[in-house]
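Presented below is the structure to which this report refers.
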Amino acid sequence: MRSQQETNRAIEKYADTVYRICLLHLKNHADSEDIFQNVFLKYVTYPKEFESEEHEKAWLIRVTVNACKDLKKSFFRSRVVPLEEIKDFEDAQQETYSEVLEAVLTLPEKYKNAIYLFYYEQYTAAEIGKILGKNVNTVYTLLSRGKNILKEKLGGDEFE
């Protein structure tokens, strides 16, 4: 284990290099900071002595690159989406959702109730029939006609 003085010297000397390599590979400040800490933790616990300062720098660079590669191919990282992408997706979804909901709310009352209960509240046609006091086949007809009106209002075949 390395002394605190030796570790501080290495951090002062190589911090910029290690952090830049992390940013280059990961393009993310939070992940770069994590890898930065891991690299210097490995440095502190590395049991062998370095032959020279060049050897020490080369070792730090190699450990940094490998740690970045390991993070990029990790199970967690391969199944995670950056928050920025989620926000963009949610904004687009919210606009579409609002547009469709507005169109549903402009439907005539008999279609609006059936469409809303079926698609938004997830009731079955039989349950909607009981709620609205209508025959199940009538509910299917209301849903079909309501969908056709929505298709015309929203202009597309997306809702089939």
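Taking K and R as +1 and D and E as -1, what net charge do the other residues with C-beta under 11 Å from the C-beta of TYR14 add up to?
0
Between VAL44 and ASP70, with labels modelled 7 Å along Cα→Cβ, what's the label distance in nm to one decimal, could you check?
In this crude label model, VAL44 to ASP70 measures out at 1.7 nm.
Would you list the P(r) distribution for the chain, with all Cα-Cα distances sorted into 10 Å bins from 0 and each bin expressed as a whole %?
9, 25, 15, 10, 10, 12, 12, 7, 1
Skip the ligands, DNA and RNA, and give the accessible area per residue of the chain with a 1.4 Å probe, whole Å².
Roughly 71 Å² per residue, with all protein chains present.
Under a point-charge model restricted to the Cβ atoms of Lys and Arg (+1) and Asp and Glu (-1), what is the dipole moment magnitude of the chain relative to its Cα centre, in debye to the nearest 20?
Dipole of the chain, to the nearest 20 debye: 500 debye.
So what is the diffusion coefficient of segment 1-58 in µm² per second by Stokes-Einstein at 25 °C and 0.890 mPa s, using a Kirkwood Rh over Cα pairs?
206 µm²/s
In units of 2.2 N^0.38 Å, what is the alpha-carbon radius of gyration of segment 109-160?
For segment 109-160, the normalised Cα radius of gyration comes out at 1.09.
The values are calculated or read from the model by the stated rules, or taken from the named source; none is laboratory data. This is a predicted model, so every value here is computed, not measured. Cβ coordinates were reconstructed from backbone atoms using ideal geometry, including for glycine residues, and neighbour counts include every protein chain displayed. Calculation scope for accessible area: heavy atoms of the full protein, side chains included, ligands and nucleic acids excluded. Shrake-Rupley method; radii C 1.70, N 1.55, O 1.52, S 1.80 Å.
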